[in-house]
Amino acid sequence: MKAGNDVISQIVRKDSITYNFVKNTEVLSGHGIRHYNGVYMPKVVKPSKREHTIGFIHAVDGLKYAVGSQPNFQIHMAISTVVLALMLVLPVSRTEVVMLLFCILLGLVVELVNTAIESVVDLVTDEWHQSAKIAKDVAAGTMLLTAVGTSLIGMILLLPHLLNYLGF
């Protein structure tokens with residue numbers, strides 16, 4: 001946008017967010033610029049329904065990719081299906097159902113984040129780098145802790161019901 005010589009375009013980092021802004025209201029009046037904390041910034045525009053739909057389509061594509069290409073995600077889906085079936089058969093309370101559903105969702109979300117981190121690291125470099133190794137190892141470690149923790153919670157919640165159901 002051309003606004004004249006008086007306009008100063010800058011980039012500012014504040015609270016880990018990068019803002020592009022301009023400092024001349026005279027020239028920019030009528031162009032959707034608003035004042036924010038001593039800085040003139042572009043007005044926030046709501047995305048259209050089309051943009052929301054496109055974002056939803058990309059999200060579904062990401063889930064399809066994870067289900068179709070990630071063996072660990074497929075394992076999580078299989079275990080989640082078994083847990084859901086057990087929840088239907090066993091007399092679990094509403095609170096236990098909520099806790100188990102949260103554990104399932106947490107495991108799947110962390111696996112998706114792990115996949116995203118690994119993909120970004122692979123995108124950035126094809127060569128071996130210590131920092132790339134650390135990023136991938138920490139993401140995998142996060143998934144491991146989540147899997148162990150949610151498995152323990154699942155066993156604590158379901159095992160008594162299962163043993164009772166089997167007559168032990």
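The values are calculated or read from the model by the stated rules, or taken from the named source; none is laboratory data. Keep in mind that this is a model prediction, so the values were computed, not measured. Quick reminder, even Gly has a Cβ in these numbers, built from the backbone with ideal geometry, and neighbours come from all protein chains shown.
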Q | Selected residue (criterion: farthest from residue 91 (Cα to Cα)) from residues of segment 118-168 that are in contact (Cβ under 8 Å) with a residue 40 or more places away in the chain and among the aliphatic types (A, V, I, L, M) | A | 143
(Q) Filter segment 107-117 down to the residues that are under 22 Å from residue 78 (Cα atoms) and either at pLDDT below 95 or surrounded by 12 or more Cβ atoms within 10 Å (Cβ to Cβ) (or both) and list them by number. (A) 107, 108, 110, 111, 112, 113, 114, 115, 116
**Q.** Scope segment 83-126; condition assigned to a helix (DSSP H, G or I) and acidic (Asp, Glu); matching residues
**A.** 96, 111, 118, 122
Q.
Given the criterion within 18 Å of residue 70 (Cα to Cα) and touching a His at 6+ places or on another chain (Cβ under 8 Å), identify the matching residue among 108, 112.
A. 108
